[in-house]
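Below is one structure, written out as structure tokens; comments come after it.
What follows is calculated from the coordinates using simple rules that are stated; it is not laboratory data. Computed from a predicted structure; not experimentally measured. Note that each Cβ is placed from the backbone with ideal geometry, even for glycine, and that neighbours are counted across all protein chains shown.
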Amino acid sequence: MKLAIGCDHGGYELKCEVLKHLNERGIEYIDFGCDSTASVDYPVYAKKVTDAVTAKEADLGILICGTGLGMSMAANKVEGIRAALCHDAFSAAATKEHNNANVLCMGGRIIGPGLACLIVDNFIDTPFSNDERHIRRLSLFDPTMA
Ligand code: RB5
């Protein structure tokens with residue numbers, strides 16, 4: 001399991017907490033930046049992470065901005081990316097199980113590190129159900145699931 005992770009200035013502090021957690025769990029990742037709270041443009045980091053996922057350099061992506069909203073909008077423009085904005089632990093598991101989400105988006109100005117790390121764990125640890133009905137529904141909007 002290898003993750004691609006990226007953030008903007010609004011998500012930088014939460015990303016640092018998530019990276020600490022990934023290190024503790026021994027989960028491999030590529031950190032695509034940014035590397036400080038200096039203002040940057042979130043679509044740049046969404047592109048780096050989604051490129052890594054579509055190129056299969058990473059199995060899953062994590063994107064963090066102030067709200068998670070801009071990152072999720074930008075990520076979902078990329079074919080083959082199913083990005084889910086999650087601020088609760090149930091959704092993080094459900095979007096893997098039902099939607100086969102491959103990018104998790106969160107907002108550093110919305111949730112704290114404890115909940116964020118629980119969301120990350122549920123996202124990483126929950127497999128896609130592979131149920132025929134979910135594959136059928138996903139293939140209705142994502143040709144890479146057909
Ligand atoms: C940056 O101020 C903020 O707009 C960004 O982090 C994000 O919340 C966008 O959706």
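Computed from Cα positions, the angle between helix 42-54 and the longest principal axis of the chain comes to roughly 40 degrees. Beta bridges assigned by DSSP with both partners in the chain are antiparallel in approximately 0 percent of cases. Residues whose amide H falls under 5 Å from that of LEU85, counting only those 5 or more places apart or on a different chain, are CYS105, with hydrogens built in the peptide plane.
Could you order the peptides 85-97, 58-70, 42-54 from most to least packed, using the average number of other C-beta atoms within 10 Å per residue?
Details: 85-97: 18.8, 58-70: 23.5, 42-54: 21.5.
Descending packing order for the listed peptides: 58-70, 42-54, 85-97.
Considering the range 61-121 at the alpha-carbon level, its Rg and Dmax are found to be 10.6, 32 Å. Charged neighbours of ASN99, selected by a Cβ distance under 10 Å, balance to +1 (K, R count +1; D, E count -1).
Assuming R0 = 25 Å, can you tell me the calculated FRET efficiency for the pair ALA38 and LEU115, based on Cβ-Cβ distance, to the nearest 0.05? Could the numbers behind the result be given before it?
Values: r = 26 Å, r/R0 = 1.04.
Efficiency computed from Cβ-Cβ geometry: 0.45.
The Cβ shell under 15 Å around PHE128 holds other residues with a net charge of -1, Lys and Arg each +1, Asp and Glu each -1.
Amide H to amide H, with H built 1.01 Å from N, GLY108 comes under 5 Å of CYS65, GLY66, THR67, GLY68, counting only residues 5 or more places away or on other chains. Counting 0.36 nm for each residue step from HIS134 to ILE30 and taking away their Cα separation leaves a gain of 34.5 nm.
Helix-derived [θ] at 222 nm for the chain: sum -39500 (n - 2.57) over DSSP H runs of at least 4, divide by residue count, nearest 500?
It comes out at -13000 deg cm²/dmol, rounded to the nearest 500.
Relative to the longest principal axis of the Cα atoms of the chain, the long axis of helix 12-25 lies at roughly 70 degrees. A Cβ-based charge dipole, computed about the Cα centre of the chain with Lys and Arg at +1 and Asp and Glu at -1, lands at about 300 debye. Ignoring lysines fewer than eight residues from LYS47 along the same chain, the ones with Cα atoms less than 20 angstrom from its Cα are LYS2, LYS15, LYS56, LYS77. Pairs of alpha carbons in the chain separated by more than 17 Å make up 56% of all such pairs.
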